[in-house]
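The values are calculated or read from the model by the stated rules, or taken from the named source; none is laboratory data. Keep in mind it's a predicted model, so treat the numbers as computed, not measured. Because the Cβ atoms are built from the backbone with ideal geometry, glycine has one as well, and the counts that use them run over all protein chains shown.
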Amino acid sequence: MKTEVFKTVKAKILHGVGGLYSAVTEDGAVVKCKPRGNFRHYDISPYPGDNVLLRLRDGDVPMIAEILPRRNFIKRPPVANIDKLFITVAAACPSPAYITVDKLICAAEFYSITPVLIITKADLDGAKAEELSSVYRRCGFDVFVTSSVSGSGVDAVKAFVYRQAEGNVVAFAGESGVGKSSLMNAMFEELGLQTGETSRIQRGKHTTRAVSLYSLEDNPRFDGAYIADTPGFGIFEPTLIPEFTRESLVSCFRELSPYLTTCRYTKCTHLREEGCSIVEAVNNGELPRSRHDSYVTLYEELKNKRYTK
C-alpha cells in the first residue's frame with residue numbers, strides 16, 4: 001500500500017474569493033490554496049490576515065489544513081490579525097467629530113489593535129488641527145498632522161507607517177471626505193489600492209468587496225509588512241460589536257486608567273458622580289473634556305444596547 005507523502009508549511013492568507021485563496025508561505029512563495037472540506041461543517045472560514053497551516057502534496061492544490069489562533073478578528077469587513085489602525089480625521093471639510101474618532105479608537109483598543117491618529121487638511125484650519133493633535137497626544141497616542149496642499153507631514157506619516165508595518169498588518173479607517181484615499185494613494189501609489197467611495201466607513205452596512213492584504217515590500221514575506229485594503233470598517237462601531245459592553249468601555253479610554261485606583265466608588269460609572277476622580281480630573285483640566293464627553297455618550301449608547309438590533 002502506497003503511503004501518502006505531503007508536507008505542512010505555515011502561510012498567511014492574502015485574499016480569498018469563491019473558495020480559492022492566495023497565501024504567502026514561510027519561504028516567500030505565493031500560492032493558490034483551498035480550505036479543507038470539513039471547515040464548512042464547523043462554520044469556520046479562513047480570512048485575509050489569518051495564519052494557517054497548508055498541506056502540500058505534489059500534483060494537488062495546496063489545502064488549508066488548520067487556521068492558527070488569531071490575535072483578533074473583525075467580522076465586517078472580515079479580516080484577522082490587524083496590528084495597527086491608522087485613523088484619519090480632517091481638520092475641516094468635513095468638520096471633525098470627536099465622537100466618531102473616539103468610537104474608532106475604542107473599537108481598536110477593544111480588539112487589541114494599536115490606534116494612530118492622522119489629521120489631514122491642516123491647511124484649511126490650522127487651529128483645529130492643533131486642537132485635535134493636542135487632545136490625542138495628551139492621551140498617549142501617536143499623532144501626525146498633514147496638508148494635501150503643501151504636502152507637509154506626508155513623508156513623516158509614510159516613514160512611520162512602513163516602520164510600524166514591519167512584521168505587522170496595518171489598516172486605515174476614516175469617514176468619507178477626510179482625505180484618507182488621497183493620503184493612501186500618495187503613500188502606496190505602486191500598490192494600486194482600491195480606495196475612494198467603496199472604502200468609506202458604512203455603519204452597520206454589509207459590503208461584498210473582498211479584503212486583500214498587500215505587501216509593502218517588493219517580495220512578499222510571511223512575516224513581512226502588509227496593508228489591508230478594506231471596503232470599510234462598519235463594525236468599528238462599539239454598539240455593533242456583540243462582546244463590547246459598558247463594562248468594557250473604561251479600559252478603552254487609556255488616559256482614564258491612572259485615575260481608576262483613586263476613585264471614591266468601587267462601582268463608579270465615571271459619568272458625573274461627585275467625588276469620582278475621573279470627573280474631577282476633567283473639571284480640573286487634567287483630562288480632555290471632549291474625550292470624557294465621548295465616554296459619556298458611548299456609555300449611554302451601550303446601556304441601551306439590548307434594544308439595538
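Quick notes on this one:
- Sole exception among (1) part of a strand (DSSP E or B); (2) outside the structural domain of V157 (by TED's automatic domain parsing); (3) surrounded by 20 or more Cβ atoms within 10 Å (Cβ to Cβ); (4) not β-branched (V, I, T) for L53, by number: (3)
- Given (1) more than 29 Å from P48 (Cβ to Cβ); (2) within 19 Å of the chain's Cα centre (by Cα); (3) not polar (S, T, N, Q), index of the condition R138 fails: (2)
- With respect to (1) more than 18 Å from the chain's Cα centre (by Cα); (2) at pLDDT 85 or above; (3) surrounded by 14 or more Cβ atoms within 10 Å (Cβ to Cβ), the lone exception for V170 is condition (1).
- When the residues of region 1-35 are filtered to those that are modelled with pLDDT of 90 or more and not in a strand (DSSP E or B), the one that is surrounded by the fewest Cβ atoms within 10 Å (Cβ to Cβ) is D27.
- Inspection of region 59-76 finds no residue satisfying the criterion of being surrounded by fewer than 13 Cβ atoms within 10 Å (Cβ to Cβ), assigned to a strand (DSSP E or B) and not basic (K, R).
- The residue of region 173-191 that is nearest to C93 (Cα to Cα), among those that are surrounded by 15 or more Cβ atoms within 10 Å (Cβ to Cβ) and among the charged types (D, E, K, R), is E175.
- The residues in region 36-50 that are in a loop (DSSP other than H, G, I, E, B) and either in contact with a strand residue (DSSP E or B) (Cβ under 7 Å, 6 or more places away or on another chain) or of a type in the set (S, T, N, Q) (or both) can be counted, and the count is 8.
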